[in-house]
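Please treat every number below as a calculation from the coordinates, not as lab data. On a predicted model such as this, the values are computed, not experimentally measured, just so you know. Glycine also receives a Cβ, built like all others from the backbone with ideal geometry; neighbour counts cover every protein chain displayed.
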Amino acid sequence: MHRRKLLATSACVAAMSLMLAGCSTSKDEMLPPGDSTMLALWNAGASATHATVESRTTLRRPVTDSERTRAQQTRNSSSRSQENEIQQTFPRLPNPDMVMYVFPHLAEGNTPVPGYSTVFPFYRQVHYALPGERTEDL
């Protein structure tokens, strides 16, 4: 039993010494300093970016009229906006306006009120059709 503890302790000490040895590497050994200055590195990166942009522009070609027409037709056929999507998914059910004529009368018993017409919707609130429900007449 004592021997196992000694073996486990020695394995732990060996692992710790390996880990500490890995951290003992110097910065200059891992990343040796070069001759370039920061400005030279920056300019080298900028020229590589410029070369990439130039090569991309040479690979691009102009869009032909037929491709432009086809793209426009595709956009028009499948264009979605909030307004047409809501109207297509949840169309409003018809809510006819009711016209009512109010005859001349006395308000509160002594104030005359001339006759007038008023308009109000048949339903108190707006009703919407469920998705897939028919709204046109049968």
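The label point for THR74 and the one for ARG60, both projected 7 Å from the Cα toward the Cβ, are 1.8 nm apart. Between the beta carbons of LYS5 and SER26, assuming R0 = 35 Å, the FRET efficiency works out to 0.45 to the nearest 0.05.
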